[in-house]
Amino acid sequence: MRQIHPYVVEALPFAPPGAPASCVPRLVEHDRLQCRADGPDDPATLLQEFLAGHGLPVRDLTRPGTHPPDAPTGTICGAAVFVSAAAGARMVGAPAGPASPAPAVPDLVAVVYRHGDTPTPPAGPAHRHPAGWQLDPWTESWTPRQHADAVRQARDAIAAGDIYQVNIVGHAAARYAGDPLPALHRLTRLPGARYGGTLGGAGWAIGCASPETLVEVTDGRVHTRPIKGTRPATGPGRRELLESAKERAEHVMIVDLERNDLARIARTGTVRVDQLYAIRRWSDLWQAESTVSAALADGCGLADLLRAVCPGGSVTGAPKLSALARIAALEPVGRGASMGGLGWIGPDRLDLGLTIRTAAADTDRIHVWAGGGITWGSDPAAEVAEAAAKSGPVRAALAGPARRAH
């Protein structure tokens with residue numbers, strides 16, 4: 001049975017993901033780059049040169065520019081950026097895996113904004129049947145049994161010494177009628193959505209409620225904040241997450257991976273773990289988060305940075321290239337808009353969230369992805385349940401009625 005919710009079409013607040021709040025009322029789309037990961041050009045170099053061509057200081061991130069909030073009309077403010085997991089795999093020479101179930105969503109997007117008088121409205125699939133929002137039941141790309149079998153195969157690869165850990169992700173889609181943008185906007189408002197935002201183009205849109213930092217650069221220092229370990233947001237759930245040897249081992253493996261990733265672009269001796277295994281809340285879940293940082297090496301550009309951190313270690317595994325090969329073999333469909341990066345690159349800062357807790361809309365369907373990290377200690381049934389727990393708040397936000405504008 002369809003989930004049908006009548007609503008008044010609300011005026012969506014215009015806010016490119018990560019844009020400076022003081023600039024949002026003045027942002028006008030200036031130029032746009034969109035492409036697939038299987039094109040002739042390296043996505044990291046293509047993005048760097050596109051943004052540099054608009055005056056953003058991305059060829060050397062240790063020499064940031066400035067951006068006063070009262071910059072005059074016509075000044076380039078920055079760019080909303082999306083990098084898919086497939087684009088990240090291409091950057092490091094890894095297999096891209098199966099085709100995306102949402103091919104309308106590009107693998108690389110950069111929308112450059114300037115200060116103007118009238119903000120550009122959000123883009124996305126054309127509105128259909130605006131009298132109501134209708135969402136069909138979800139269709140999974142694999143069954144719970146197939147998901148559990150993939151976990152067992154991952155454990156076999158760990159036993160064979162091929163990998164230490166791998167993140168396995170599943171997908172579901174639901175047909176819709178109506179305007180998907182209010183539904184995606186509801187998703188961005190979930191509690192703990194540090195990287196809540198939407199981005200769209202002709203025939204597609206992304207909504208993100210991610211709590212996880214893929215990469216942030218301010219004042220020449222780079223940060224990443226991997227999340228590994230999940231429990232229900234209850235008192236017993238918090239204690240269980242703190243006391244779980246399996247979750248802590250899984251988490252520390254990824255922290256070590258991120259330390260190695262940052263060391264490739266850091267000044268010698270500057271990589272440090274600022275915080276280890278802190279418990280944070282996202283929606284109705286507890287999650288464990290660490291912070292790893294480093295001082296960038298002189299001359300480190302955006303392309304160097306992306307090749308070091310993409311795809312994110314917490315959604316790939318260790319060793320990263322071996323984990324990516326296993327992911328390409330095990331997952332039923334491509335990761336599409338999920339497990340990539342979404343955020344803002346401006347003259348004075350770079351901040352991209354990892355696109356977990358993310359949905360994408362094409363002209364007919366809404367797509368969601370969810371998964372988890374597999375170690376030797378993983379229980380297949382528990383991993384299936386964890387993926388469902390992560391996906392649940394996302395699906396509920398997409399299905400719920402839009403609020404009336406006040």
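Most mobile of Pro69, Pro319, Pro101 per a Gaussian network model of the chain (Cα springs, under 10 Å)? For the chain, modelled as a Gaussian network with Cα springs under 10 Å, the answer is Pro69.
Loop-resident trypsin sites (Lys or Arg not before Pro) (DSSP state other than H, G, I, E or B) in region 322-406 with no more than 13 further Cβ atoms inside 10 Å of their Cβ: Arg403, Arg404. Here the chain exposes an accessible surface that is 53 percent carbon and sulfur, computed with a 1.4 Å probe and the other protein chains kept in place. Dipole magnitude for region 124-265: computed about the Cα centre from +1 point charges on Lys and Arg Cβ and -1 point charges on Asp and Glu Cβ, it is near 320 debye. With springs only between Cα atoms under 10 Å apart, run a GNM on the chain and tell me which of Gly18, Gly78, Gly299 wobbles the most. Between Gly18, Gly78, Gly299, it is Gly299 that shows the largest mean-square fluctuation. Dipole of region 139-180 computed with +1 at Lys/Arg Cβ and -1 at Asp/Glu Cβ about the Cα centre; of Ala174, Pro144, Ala157, farthest Cα towards the positive end is Pro144. Is any residue of region 88-114 close enough, with backbone N under 17 Å, to a label point placed 7 angstrom from the Cα of Ala328 along the Cα-Cβ axis, and if so, which? So the set is 88-101. If you run the Gaussian network model on the chain, springs between alpha carbon atoms under 10 Å, then out of His171, His30, His223 the most flexible one is His30. Based on the reciprocal of the average 1/r between different C-alpha atoms, the Kirkwood radius for the chain equals 21.3 Å. Divide the volume of the convex hull around the Cα atoms of region 300-396 by the residue count and you get 145 Å³ per residue. Note on region 163-241: Kirkwood radius taken over Cα pairs, Stokes-Einstein applied at 4 °C and 1.567 mPa s, translational D equal to 81 µm² s⁻¹. Each residue of region 287-299 was assigned a 3J(HN,Hα) from its phi angle through the Karplus curve 6.51 cos²θ - 1.76 cosθ + 1.60 (θ = phi - 60°); the sequence is 9, 9, 10, 10, 10, 10, 9, 6, 7, 5, 5, 3, x Hz, with glycine and proline shown as x. On a per residue basis, the convex hull of the C-alpha atoms belonging to region 244-294 measures out at 75 Å³.
In this simple spin-label model, placing a label point 7 Å from the Cα along the Cα-to-Cβ direction at both Arg145 and Ala160 gives a separation of 2.4 nm. Remark: the chain carries 39 Å² of accessible area per residue (probe radius 1.4 Å; ligands, DNA and RNA excluded). Based on the convex hull around the alpha carbon atoms, region 180-291 presents an average projected area of 8.9 nm². Here is the tail figure for region 46-145: Cα pairs spaced more than 22 Å apart come to 56 percent of all pairs. Only the Cβ atoms of Lys and Arg (+1) and of Asp and Glu (-1) were treated as charged; on that basis the dipole of the chain about its Cα centre amounts to roughly 720 debye. Here's how it looks for Gln165: its modeled amide H is under 5 Å from those of Ala318, which are all 5 or more places away or on a different chain. 3J(HN,Hα) couplings calculated from phi for region 372-379 with the Karplus curve 6.51 cos²θ - 1.76 cosθ + 1.60 (θ = phi - 60°) are, in sequence order, x, x, 10, 10, 4, x, 6, 9 Hz; Gly and Pro show x. Using all pairs of distinct alpha-carbon atoms, the Kirkwood hydrodynamic radius of region 135-209 works out to 15.3 angstrom.
Straight-line cross-link partners of Lys390 among the aspartates and glutamates, defined as a Cα under 13 Å from its Cα and at least 8 positions apart when in the same chain: Asp284. A cut-off of 5 Å between modelled amide H atoms, ignoring neighbours fewer than 5 places along the same chain, links Leu350 with Val217. Taking the alpha carbon gyration tensor of region 85-206, multiplying each eigenvalue by 5 and rooting it gives semi-axes of 34, 21, 14 Å, largest first.
The values are calculated or read from the model by the stated rules, or taken from the named source; none is laboratory data. Everything numeric here is computed off the predicted structure, so don't read it as measured data. Virtual Cβ from ideal backbone geometry, glycine too; neighbours counted across all protein chains shown. To get the accessible areas, we keep the full protein, side chains included, count just its heavy atoms, and leave off ligands, DNA and RNA. Shrake-Rupley method; radii C 1.70, N 1.55, O 1.52, S 1.80 Å.
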